[in-house]
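J.: Take a look at the following structure, please.
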Amino acid sequence: MSYLQTLAPILKKESLAANIYRFVLSCPSLVESAVPGQFIHILPPSLSLRRPISICEIDQKRGTLTIVFEVKGEGTRKLSELSVGNTMDVLGPLGNGFTLLPPEKHVILVGGGIGNPPMLSLAQIYRENAIAICGYRSAAAVTLQDAFRTTGAETILCTDDGTAGRRALVTEPLQELLSNGTYDMVYACGPRPMLKFVAKAAQKAHALCEVSIEERIGCGIGACLVCACQLEREGKTVMGHVCKDGPVFRAEEVVW
């Protein structure tokens, strides 16, 4: 695993929704090797433990990474209080990213809640050949829809309560698409129950599927056991690490 530690200046900060923030970081040394699906490990000010944040956008020309995260505890709260001109102590890029197919292939991107940001970098690759199904709790939590549409990807917005887009779980339009067409890959990131259903739907449709698993991560490099997970490899159940062996896995190798 090749990664670097750097102090990345904050170029832009934006509040997308209640407790959800978007930061653009200048870190050309990390951008060179970053791929969609990887994450960076950020050290919040005055704390000793880093916080894993998925990469949302990779801009090779500008040397920037964009992250989107939700404030869930003290660490992410401290990160959200940083401003343009401050720096973030970043370790990365970490983990294994998504398998990228030729951009002319047809893919489905499925995101749930804070699992939507990692899908944006994929939409920017596949563009009009991608269909992005984005699920949120309600209209108040919806983010990044303009950014998805700008890529040229078809977007399907779902909310649990129907206050924006379609009142449905993301798995409903996914099943419809898989029943009526052929797709080269299904990519997904979100809550584990959602990923389990996405994996089963893709398997039933004989479609390739990769999932990015959300998990509490400690060291970020596979040295601790905080993010241990069960995997099925070569007919045997083995233990892996989400941070090192993932966070992206082939759907069929995850023991749900």
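J.: Looking at Ser15, is it within 26 Å of Gly112 (Cα to Cα) and not in a loop (DSSP other than H, G, I, E, B)?
T.: In short, yes.
J.: Filter segment 9-55 down to the residues that are under 16 Å from Lys72 (Cα atoms) and charged (D, E, K, R), then identify the one that is modelled with the highest pLDDT.
T.: Once the filter is applied, the top-ranked residue is Arg22.
J.: Looking for something among the polar types (S, T, N, Q), over 23 Å from Ile114 (Cα atoms) and touching a helix residue (DSSP H, G or I) at 6+ places or on another chain (Cβ under 9 Å) - is there at least one such residue anywhere in segment 21-35?
T.: Initially, segment 21-35 is screened for residues among the polar types (S, T, N, Q), giving 26, 29, 33.
With over 23 Å from Ile114 (Cα atoms) added as a condition, the list becomes 29, 33.
Pick out the ones that are also touching a helix residue (DSSP H, G or I) at 6+ places or on another chain (Cβ under 9 Å) and you get none.
There is no residue in segment 21-35 that is among the polar types (S, T, N, Q), over 23 Å from Ile114 (Cα atoms) and touching a helix residue (DSSP H, G or I) at 6+ places or on another chain (Cβ under 9 Å).
J.: Check off (1) over 22 Å from Ser15 (Cβ atoms); (2) touching a residue at least 24 places away in the same chain (Cβ under 8 Å) for Cys134 and give me the number that stays unchecked.
T.: Failing condition for Cys134: (1).
J.: Moving on to the next point. I'd like to check which strands (runs of 3 or more DSSP E) are fully inside segment 184-247 and have at least 3 residues that are open to solvent by less than 20 Å² (accessible area, probe 1.4 Å) and in contact with a helix residue (DSSP H, G or I) (Cβ under 7 Å, 6 or more places away or on another chain).
T.: Details: elements: 185-190, 209-213, 228-233, 236-241.
Strands (runs of 3 or more DSSP E) meeting the threshold: 185-190, 209-213.
J.: Hey, another quick one. Within segment 46-62, can you find the residues that are in contact with a Leu (Cβ under 9 Å, 6 or more places away or on another chain), farther than 17 Å from Cys219 by Cα and either open to solvent by 10 Å² or more (accessible area, probe 1.4 Å) or outside any strand (DSSP E or B) (or both)?
T.: First, the residues of segment 46-62 that are in contact with a Leu (Cβ under 9 Å, 6 or more places away or on another chain): 49-53, 55-59, 62.
Those left that are additionally farther than 17 Å from Cys219 by Cα: 55-59, 62.
Correct list: Glu57, Ile58, Asp59, Arg62.
Let's see how each residue does on (1) surrounded by fewer than 22 Cβ atoms within 10 Å (Cβ to Cβ); (2) under 19 Å from Ile55 (Cα atoms):
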position	(1), (2)
Thr87	yes, yes
Gly97	no, yes
Tyr126	no, yes
Gln145	yes, yes
Thr182	yes, no
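J.: Within segment 72-104, track down each residue that is in a strand (DSSP E or B) and of a type in the set (Gly, Ala, Ser). I'd like the intermediate steps shown before the answer.
T.: From segment 72-104, those in a strand (DSSP E or B) are 84, 86-94, 96; that's our starting set.
Hit for segment 72-104 is Gly92, nothing else.
J.: Could we say that Gln175 is assigned to a helix (DSSP H, G or I), closer than 21 Å to Arg250 by Cβ and open to solvent by 50 Å² or more (accessible area, probe 1.4 Å) here? Don't jump to the end; show me each part of the working.
T.: On the way: assigned to a helix (DSSP H, G or I): yes; closer than 21 Å to Arg250 by Cβ: yes; open to solvent by 50 Å² or more (accessible area, probe 1.4 Å): yes.
For Gln175, the condition - assigned to a helix (DSSP H, G or I), closer than 21 Å to Arg250 by Cβ and open to solvent by 50 Å² or more (accessible area, probe 1.4 Å) - is met.
J.: Let me ask something else about it. Take segment 18-36 and flag every residue that is outside any strand (DSSP E or B) and in contact with a Leu (Cβ under 8 Å, 6 or more places away or on another chain).
T.: So in segment 18-36, the residues outside any strand (DSSP E or B) come out as 18-19, 27-36.
Passing the criteria: Cys27, Ser29, Leu30, Val31, Ala34, Val35, Pro36.
J.: Residue under question is Glu70, and the condition is that it be at pLDDT below 95 and open to solvent by 40 Å² or more (accessible area, probe 1.4 Å); does it hold?
T.: Numbers: at pLDDT below 95: no; open to solvent by 40 Å² or more (accessible area, probe 1.4 Å): yes.
No; evaluated as a whole, the condition is false for this residue.
J.: Would you confirm whether or not segment 9-26 contains a residue that is under 23 Å from Ala140 (Cβ atoms), open to solvent by 20 Å² or more (accessible area, probe 1.4 Å) and polar (S, T, N, Q)? If you could, list the steps in order and put the result at the bottom.
T.: Applying the first criterion (under 23 Å from Ala140 (Cβ atoms)) to segment 9-26 yields 12-23.
Retained after the next criterion (residues that are open to solvent by 20 Å² or more (accessible area, probe 1.4 Å)): 12-16, 18-19, 21-22.
Keeping just the survivors that are polar (S, T, N, Q) gives 15, 19.
Scanning segment 9-26 turns up at least one residue that is under 23 Å from Ala140 (Cβ atoms), open to solvent by 20 Å² or more (accessible area, probe 1.4 Å) and polar (S, T, N, Q).
J.: Filter segment 128-143 for residues that are in a helix (DSSP H, G or I) and under 17 Å from Ala168 (Cβ atoms); which is most open to solvent (accessible area, probe 1.4 Å)?
T.: Taking segment 128-143 as the starting set, the residues that turn out to be in a helix (DSSP H, G or I) are 128-129, 139-141.
If we keep only those that are under 17 Å from Ala168 (Cβ atoms) too, we end up with 139, 141.
Values: Ala139: 46, Ala141: 13 Å².
Per the criteria, the residue is Ala139.
J.: With the requirement that a residue be without any contact (Cβ under 8 Å) to a residue 40 or more places away in the chain and open to solvent by less than 40 Å² (accessible area, probe 1.4 Å), what does segment 27-45 give you? Talk me through it step by step, then tell me what you get.
T.: Within segment 27-45, the first condition is being without any contact (Cβ under 8 Å) to a residue 40 or more places away in the chain, and the residues that meet it are 28-29, 31-32, 44-45.
Once the filter is applied, which keeps residues that are without any contact (Cβ under 8 Å) to a residue 40 or more places away in the chain and open to solvent by less than 40 Å² (accessible area, probe 1.4 Å), segment 27-45 yields Val31, Pro44.
The values are calculated or read from the model by the stated rules, or taken from the named source; none is laboratory data. Note that the coordinates shown come from a computational prediction; the quantities given were computed from them, not determined experimentally. As a convention, Cβ positions derive from the backbone with ideal geometry for all residues, glycine included, and neighbour counts pool all protein chains shown. Please note that ligands, DNA and RNA were not included when accessible areas were found on the heavy atoms of the full protein model with its side chains. Shrake-Rupley method; radii C 1.70, N 1.55, O 1.52, S 1.80 Å.
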